[in-house]
Amino acid sequence: MSKIDYDLRKIRGVVFDVDGVLSPTVVPLGDDGVPRRMANVRDGYAIKLAVKKGLEIAIISGGEGDGLAERFRILGVKDVYLKAGMKKELLEEWMNRHGLKADQVAYVGDDVPDRDCMESVGLSVSPADGAADVMMIARYISPCKGGYGVARDLIEEILKAQSLWPVTDVACG
Ligand SMILES: [Mg+2]
């Protein structure tokens, strides 16, 4: 039984915002005035595994940067939208292209620009420290803060519900 109140067996696609979701809201500020990002390696493992197991994964972020694009390329994510203005239009285009219906998609966002997307999918997810406006409409609020395992938490639940999470066969003791 999953802690998420949703039939996770239906989920075929998962979309992530980056800042405040895969990277924390508070990050070091570079001398150039541009905030840096952080990456969670367990999120990375889960995203890579999800791609391998056949889930459609997309990144839709208002942010930009070569490092960001490279990070997701390494993880095997093909659909990466950076400098995204109208996130909902990109989401709909992506869903159409992959033949995904709303109830087959989860969207993880943390702030106002994500609200439209969250209202367009079956499973809307917020980090534990999402903006109040987002937490209010999220179907699932992860116990993890942005950058601290939200993707891992969600993907692990989805893959477990679909019997696709690796099971260790080793007996303890
Ligand atoms: Mg964000």
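Numerical summary
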read-out	value
Close pairs (6 angstrom Cβ cut-off, 6 or more residues apart or separate chains): surrounded by 12 or more Cβ atoms within 10 Å (Cβ to Cβ) in region 1-17, at pLDDT 95 or above and among the β-branched types (V, I, T) anywhere	L8/I158; I11/I158; G13/V105; V14/I57; V15/I60; F16/I59; F16/V108
All positions within region 36-53 that are more than 21 Å from W165 (Cβ to Cβ) and exposed (fewer than 14 other Cβ atoms within 10 Å of the Cβ)	R36, M38
Members of region 57-79 found to be more than 13 Å from the ligand (Cβ to nearest atom), under 12 Å from the mean Cα position of the chain (by Cα) and either within 10 Å of D17 (Cα to Cα) or modelled with pLDDT under 95 (or both), listed by number	A58
Positions within region 70-91 being loosely packed, with under 15 Cβ neighbours inside 10 Å and part of a helix (DSSP H, G or I), in sequence order	E70, R73, I74, E89
Residue list for region 7-43, restricted to those being under 16 Å from the mean Cα position of the chain (by Cα) and away from the ligand (no atom under 16 Å from the Cβ)	L8, I11, R12, G13, V41, R42
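Yes/no per residue for (1) of a type in the set (S, T, Y); (2) under 14 Å from the mean Cα position of the chain (by Cα):
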{"position": "P127", "(1), (2)": "no, yes"}
{"position": "M135", "(1), (2)": "no, no"}
{"position": "I141", "(1), (2)": "no, yes"}
{"position": "Y148", "(1), (2)": "yes, yes"}
{"position": "A151", "(1), (2)": "no, yes"}
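The values are calculated or read from the model by the stated rules, or taken from the named source; none is laboratory data. What you are looking at is a predicted structure, and each value in this text was computed from that prediction instead of being measured. Positions of Cβ are backbone-derived with ideal geometry, glycine not excepted, and every protein chain shown enters the neighbour counts.
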